[in-house]
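Visitor: Below is the structure I would like to discuss, written out as C-alpha cells.
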Amino acid sequence: MAEPTFKAPKGTRDILPPESGRRRALIDAFAQQAELAGFGEIMSPIFEDLGVFKRLGESTDVVTKEMFDFFDKGDPPQHLALRPELTASVCRAFAEHRPTPPWKVWYEGPQFRYEQPQAGRYRQFAQVGIETLGTDDPQADVDAIALGWHFYASLGLREITLLLNSLGDPTCRPAYMEALRTYLSDNAASLSPQSQVTLERNPLRVLDSKRAEDAAIISAAPLMVDFLTDETREHFETVRAGLDQLGIPYELSPRLVRGLDYYTRTTFEFAADALATAQNAVGGGGRYDGLVEDLGGPATPGIGFALGVDRILLACDAEGVFTTPESAVKVFVVDVTGGSHALGVCTTLRNAGIGADRSYGGRSMKAQMKVADRSGAPFAAIIGEDEVVNGEVTLRDLRGDTGQQRIALADLAEHVARLLS
Ligand code: AMP
C-alpha cells in the first residue's frame, strides 16, 4: 500500500470497528454502574480557560510541560487549553453552577497531554470517572474506591491491585514537606539531575520518580503517614475499615503521591498486574479538598477517580477478557433480483429491532454470501425470483446446523426474533 498523504497526529489513533464497539460497551458498562450508584453524567467542554488547569498545580508535569494550549481569535484573545483531565473542569462547573451538595457526577471522554507516546501512553486518551463534591465523609471515599474496584471486576479483570495512601491535609502537610525537603536536600547529590530539578519545585513529586538512581534515596525518605494529625489518621482508618467491610483488598503504598498536586488525604491507584510496570496504572484518584476553592468556589471537599480506558482495554487483552462484542447485524439480506427487495426487508427487520444489512451493486449470489459470512450475522435471508413471486424469503442458518427454510415475508421478523431468543 502506498504511504498515505496524511496520518493521525503523533500520539493519536483512529479507533476502528469492531474495536470501537468494545470501547463503547466498556463506557456503557461504566455509565450503568455509576448511575446505579447515584451519579449523573456531566458533559463539559473539551477546552477550558488555561487558568482552570493551572490550578492543578504549577509543579505538575501535566501543567508545565504537557498542555495543549492555544489562543482563540478573540480580541483580546483568550488563552485556552484542551483538557488534560476532568477533575478541574468538574470543580469549575461546581463553582459556576453551585449545585446542591453532595454533587455526584460521572464522565467519559478524551483527554489531551503532550507526552512521549509509547505503548499505553498517548497524546489523546480516554477516561471514565466520577467525582463527589461537598462531603468529606470517609464513606464517600470507600464508595468511590468500591465503584472502581467492582467496575474492573465486572469486565472480568482479576489481576488488579489497589494501592492506598493518605497524603495528609493542610494541617499536617507543612511539617512533612519540611522534613522531606530537608532530607532530600541533604541527599541531593545522590539524586538524578531530573529529580534535583523537581526537588526545587516540589519535593513530594520526587517520590514519584521511577528512575533507578533515585530508588535508594526515595526508599529511606520520611513518610507522610508518620506525620498525619489525629483527625487525618482517623479519616484514613475509617476508609480502610470500610474497604475491609466490603472485602476489597488493598496494599498500603506510603510513597504513592500521584501525578497531580491537588490531592489531600485519601489517595489511591489501580495497577493492572498483567501490564508492564511503566504503564500499569489503569486508574487513580483521591481527595482534593481545596480545589473548588482554588477555582473561586466555596470551600468544598471532593473525592473522585479517573480510569484510563485505553489501558483498561490493554489489560483486558492481556487477561483475555472483555472481548469484542458480537455484531449487531443478525440477518444479512442477500437479494439476487437486483437489490430493491433487500431495501424493504432490511427496513422491516430494523424497525422490528433486528439488526439487518445487505450488499450493494447487484453482485452475484456467491459474492453476497461471502459478505454475509464476513458480517458475523447468524442468518442470511435470501431473495430470488421464486421467493419474490411467493412473497417469501429463504432463511439460512450461517453458524448453526438448522439448515434453511422458506418463510413468509410477513412472518420473517417474528420468526427471526424467536430464533434469536
Ligand atoms: P491521571 O489523571 O494522571 O491520574 O490518570 C488517570 C488514568 O488515566 C491513568 O491511571 C491512566 O490509566 C490514564 N492515563 C493517564 N495518562 C495517559 C496517557 N498519556 N495515555 C493513556 N492513558 C493515560
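Just so it is clear, none of the values below were taken in a lab; they were calculated from the coordinates. Everything numeric in this text was worked out from a predicted model, so none of it was measured. Virtual Cβ from ideal backbone geometry, glycine too; neighbours counted across all protein chains shown.
Visitor: With every atom except the alpha carbons ignored, what do you get for Rg and Dmax of the chain, in angstroms?
Guide: 27.3, 93
Visitor: Given springs between every Cα pair under 10 Å in a Gaussian network model of the chain, which of ASP411, ASP137, ASP69 has the largest fluctuation?
Guide: Top of the fluctuation ranking is ASP411.
Visitor: Take ASN351 and GLU58, extend 7 Å from each Cα along the Cα→Cβ direction, and tell me the distance between the two endpoints in nm.
Guide: Here the modelled spin labels are 6.5 nm apart.
Visitor: Could I ask something else about it? Please give the contour-minus-distance gain from LEU223 to HIS415: 0.36 nm per residue of separation, less the Cα-Cα distance, rounded to one decimal in nm.
Guide: Details: separation 192, 0.36 × 192 = 69.12 nm, distance 6.72 nm.
So the extension gain works out to 62.4 nm.
Visitor: Please report how many Lys pairs in the range 1-149 have alpha carbons closer than 26 angstrom, counting only residues at least 8 apart along the chain or sitting on separate chains.
Guide: Total qualifying Lys-Lys pairs in the range 1-149 comes to 8.
Visitor: Only helical DSSP H runs with n ≥ 4 go in: add -39500 (n - 2.57) per run for the chain, normalise by residue count and round the 222 nm mean residue ellipticity to 500 deg cm²/dmol.
Guide: One gets -11000 deg cm²/dmol as the mean residue ellipticity at 222 nm.
Visitor: Considering the dipole of the chain built from charges on the beta carbon (Lys and Arg +1, Asp and Glu -1) around the Cα centre, which of ILE27, LEU420, ALA2 is farthest to its positive end?
Guide: Result: ALA2, furthest along the dipole toward the positive end.
Visitor: Putting +1 on Lys and Arg Cβ atoms and -1 on Asp and Glu Cβ atoms, find which of THR229, GLY290, ALA144 reaches farthest to the positive end of the dipole of the chain.
Guide: It is ALA144, whose Cα lies furthest towards the positive end.
Visitor: Build a GNM of the chain with springs between Cα atoms under 10 Å: which of ARG83, ARG240, ARG98 gets the top mean-square fluctuation?
Guide: Comparing ARG83, ARG240, ARG98 in the GNM, the peak value goes to ARG98.
Visitor: The range 331-420: D in µm²/s via Stokes-Einstein (Kirkwood Rh, Cα pairs, 10 °C, 1.306 mPa s)?
Guide: 125
Visitor: Same structure, new question: Between ASP397 and HIS150, what FRET efficiency comes out of the Förster formula 1/(1 + (r/R0)^6) with R0 = 25 Å and r the beta carbon distance, rounded to 0.05?
Guide: The formula returns an efficiency of 0.05 here.
Visitor: Separate question: Among GLN279, ALA381, ILE217, which residue has its Cα positioned farthest towards the positive end of the charge dipole of the chain, with +1 placed on the Cβ of Lys and Arg, -1 on the Cβ of Asp and Glu, and the dipole taken about the Cα centre?
Guide: After comparing all options, I get ALA381.
Visitor: I've got another one for you. Where the centre of each part is set by its Cα atoms, how far does the range 280-300 sit from the range 349-389, in angstrom?
Guide: What the calculation gives is 53 Å, centre to centre.
Visitor: Between LEU243, LEU343, LEU228, where does the largest GNM mean-square fluctuation fall for the chain, given springs only between Cα atoms within less than 10 Å?
Guide: LEU343
Visitor: Sorted from fewest to most neighbouring beta carbons within 10 Å, what does the list LYS65, LYS54, LYS370 look like? Please report the intermediate quantities before stating the final value.
Guide: Working: LYS65 10, LYS54 18, LYS370 13.
Arranged by neighbour count, lowest to highest, LYS65, LYS54, LYS370 become LYS65, LYS370, LYS54.
Visitor: Let me ask another. Checking the a/c ratio against 1.5 first, then a/b against b/c, what shape does the Cα gyration tensor give for the range 106-162?
Guide: Because a/c hits 1.5 or more and a/b fails to exceed b/c, the range 106-162 counts as oblate.
Visitor: Taking the Cα centre of the chain as origin, work out the dipole magnitude from +1 charges on Lys and Arg Cβ and -1 charges on Asp and Glu Cβ, in debye rounded to 20.
Guide: So the magnitude is around 1180 debye.
Visitor: Additional query: Any chance you could check the Cα centroid distance between the range 318-337 and the range 1-46 for me, in angstrom?
Guide: Here the two parts' Cα centres lie 19 Å apart.
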